[in-house]
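Here is the structure we will look at, set down as structure tokens.
The values are calculated or read from the model by the stated rules, or taken from the named source; none is laboratory data. Computed from a predicted structure; not experimentally measured. Heads up, the Cβs are rebuilt from the backbone with ideal geometry, glycines too, and the neighbour counts pull from every protein chain shown.
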Amino acid sequence: MAVMSTGHPDRSDLLWEGAKLSQTPPLGDSRDGSLFQYASTKARTSVGSTMTAAPIVITADEINCLIYSYFQDAGFNHSAFALRNEGRLQNSPYFAKHIQRGELIELLSKALLYLEVESHWRGDELTTNCKSGFSLLEPHVCSTEPPSAKTILNSEGPMDIHDTNGTSMSGAVSSSSTISTSQAQATSQASRNGAPALDGGQRQSQSITSAGDSSSKRKMSPVPIEGHVEKRARRASVDMDVDNVSESGRSKTEQDASLYDQYGGTKAVAKPSVRPQGPGDTRTDPRVMLLLDQKTEVFVCAWNPTSHHLLASGSKDGVVNLWNLPDPPPVGSDSFAEAPGEPVPMDNVSRTVQGDLTSLDWNPQGTLLAIGSYDCILRVCTSSGSIYFSHPQHQGPIFATRFSKNGAWLLSASLDGTTCLWDVKEKRLHKQYRCHKDCCLDVEWLNETTFASAGADMRIYIMRVDEDEPIKSLTGHKDEVNQIRVNPSGTRLASCSDDGTAYVWKVDNLSPPADTIPGLSASDHVVVLKGHSHSVSTVGWCVDHPAGTNELLATSSFDGTARIWDSVTGQCLHVFQDHRRPVYSLTFSPDGKYLATGSGDGWLHIYHTRMHFRVWSWFAGSDKPGVFEIDWQNLDGVNRIAMALECRQVAVLDVNKLPILQSPVLLNGMQQQATARIEPA
């Protein structure tokens, strides 16, 4: 029977086509140890013609790589490690392929859609009014009666896991998690543009949760997943537990519990599972923190470098908001900062599923804002919110943008493995560098004409704007290089990697002798910083550099710690062990006196850089607690910290309102006590 159709097929055409496919038997099933091949012939009948499609082939390698990616997404790190080794996935041609987050779930969702077509193609009264759901493991039986709650949800409910401190956490994937057919259909119909994309919408109706939502920083999710996602697609070292911290870290907290707080004198340690949002002590007025609501998780934030009242924030739904904050009250005043009006949304910023924002970078003049996104489009907006220019040159998500020190050039780094150099005044592409053999993850300017790029290929390349090839290649890391930062004098470059180390490279003499090939020479001095037990995610230089002392460097890691290093000797000067989840963000105060860290455990901690004690803490709340990014402003007498939060807020802290930082007596007393206490909620 032929299907007559003009123009686009309607749903009845698609159902009939699905019925024909379901009745077509497979041509063969062969297996040779590692290969399972399923070939089917699909007879598609149209007016006066018949076409036979190519066979469908599924290999064990493909399945294993999909399951491996799912294990990593769900936090089953040890299972992923076992599968990788037993399946020898490193030898698979698919292992180097970038598999987007949730790909296995998306394919299974499409399978459910096919089952719906297969079951409902007849279009009779029963199938038309069927209210019975679809499951991957249960056969579908059409029924006009809605399913009871017992048939939808597992009576046992999600697993409850308790850590050593008694904190309750949800299991990796709830046994009661379901995906409705309508949700699966919405997922399968989502547009896909080039490289893997992020989930830009909120689909709260789908009950899929990942283990320790804040234990990975992965900002990419084509399927609806409630919970925190990682800032980049990573192939992390899966033999290390992301969520665990060292025993020394736990013992430090236990020791802290025996110390009386300067403010209240209590011994209790906060329990994040029940603690409300607010300061860690009882002395600080909660109004020191201004909370700005957004519709989805906020991933990035950045203060304007010249206008202290302008703050940009970017969220999971692809929206960039420009906040105009009123001036805070003067120091010593009893009043607190007032909330701003409605933010100005930036023009022409992605609203697609693939539009999650990854990078915000102002030019030094504060007139332009470069925006990186998973939709692969570079956008530059003005400080008033209008679009300055945009370009779809990249074929993968843009992970970093960086203006040169004079604002004439703009760099963009992409998961397509390339670095683009843009002429800002001319609004055009100047050069596209294709040095990296894998994703390009970060870029940094060394001076007005020289810059560095870091990639997942474990390499750092030094390039100049007037040359097509790198002038140096810095090698040494054994895994992806996550971030690179140059010191204030531009003489040394720090890098951090998934291999658990940070490197400090000399970059003040980049002209190699005439008889050497590009790359590090034997005389180049490299300092290797070892100590972290997991991926090192961020690195930062301290500007407080008194004469006669070595520059300080800070690193943060997925092992839940931050460290202060002597960048010359490589000695670790102190380990901050207060966090209980991966540390996502780290920044020094503009004067270098303090260090702020933000983590998936929901805590912001502020430390004294030289004396190494915790000065003050703030908790983002138990529900979606992640602190994704921190930016510290000290301009025109305004001293504020902005935080991008998983709980769909931008938090702005008036540092001048913190009593501990305004009182030398209290600060000295806290130094003698060793650290600021966190009081019970």
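Yes or no: segment 564-579 includes at least one residue that is part of a strand (DSSP E or B), among the acidic types (Asp, Glu) and closer than 19 Å to residue 485 by Cβ. Explain how you work it out, then say what you get.
In the first step, residues of segment 564-579 are kept if they are part of a strand (DSSP E or B); the result is 564-566, 572-576.
With among the acidic types (Asp, Glu) added as a condition, the list becomes 566.
The next check asks that each one be closer than 19 Å to residue 485 by Cβ; those that pass are 566.
Among the residues of segment 564-579, at least one is part of a strand (DSSP E or B), among the acidic types (Asp, Glu) and closer than 19 Å to residue 485 by Cβ, which makes the answer yes.
Do we find that residue 20 is modelled with pLDDT of 80 or more, part of a helix (DSSP H, G or I) and farther than 30 Å from residue 437 by Cβ in this structure?
So residue 20 does not fit the description; no.
Does segment 446-453 contain any residue that is crowded, with 23+ Cβ neighbours inside 10 Å, under 24 Å from residue 387 (Cα atoms), among the small types (Gly, Ala, Ser) and assigned by TED's automatic domain parsing to the domain that holds residue 395?
no
I'd like the full set of residues that are surrounded by fewer than 20 Cβ atoms within 10 Å (Cβ to Cβ) and without any contact (Cβ under 8 Å) to a residue 40 or more places away in the chain, limited to segment 405-426.
First, pick out the residues of segment 405-426 that are surrounded by fewer than 20 Cβ atoms within 10 Å (Cβ to Cβ): 405-408, 421, 423, 425-426.
Residues satisfying the conditions are 423, 425, 426.
Going by the conditions given, is residue 126 at pLDDT 85 or above and either outside the structural domain of residue 582 (by TED's automatic domain parsing) or surrounded by fewer than 17 Cβ atoms within 10 Å (Cβ to Cβ) (or both)? I'd like the intermediate steps shown before the answer.
Values: at pLDDT 85 or above: no; either outside the structural domain of residue 582 (by TED's automatic domain parsing) or surrounded by fewer than 17 Cβ atoms within 10 Å (Cβ to Cβ) (or both): yes.
No, not satisfied.
Go through segment 623-636 and count every residue that is in contact with an Asp or Glu (Cβ under 9 Å, 6 or more places away or on another chain) and in a strand (DSSP E or B).
Residues flagged as in contact with an Asp or Glu (Cβ under 9 Å, 6 or more places away or on another chain) and in a strand (DSSP E or B) within segment 623-636 amount to 3.
Answer yes or no as to whether residue 119 is of a type in the set (S, T, N, Q) and within 30 Å of residue 356 (Cβ to Cβ). Break it down into steps so the answer makes sense when it comes.
Working: of a type in the set (S, T, N, Q): yes; within 30 Å of residue 356 (Cβ to Cβ): no.
No, not satisfied.
Regarding residue 395, is this residue more than 28 Å from residue 306 (Cβ to Cβ) and modelled with pLDDT of 95 or more? Let's see the steps before the verdict.
Values: more than 28 Å from residue 306 (Cβ to Cβ): yes; modelled with pLDDT of 95 or more: no.
Answer is no for this residue.
Taking segment 589-602, which residues are under 15 Å from residue 631 (Cα atoms) and buried (at least 21 other Cβ atoms within 10 Å of the Cβ)?
589, 594, 595, 596, 597, 598, 599 - these are the residues of segment 589-602 that are under 15 Å from residue 631 (Cα atoms) and buried (at least 21 other Cβ atoms within 10 Å of the Cβ).
Tell me, please, whether a residue that is touching a Lys or Arg at 6+ places or on another chain (Cβ under 6 Å), part of a strand (DSSP E or B) and at pLDDT 95 or above can be found in segment 637-648.
Just the residues of segment 637-648 that are touching a Lys or Arg at 6+ places or on another chain (Cβ under 6 Å), to begin with: 646-647.
In the following step, the residues that additionally are part of a strand (DSSP E or B) were identified as none.
No: zero hits.
So residue 113 ticks every box in (1) modelled with pLDDT under 80; (2) part of a helix (DSSP H, G or I) but one. Which box is left unticked?
Here residue 113 meets the rest and fails (1).
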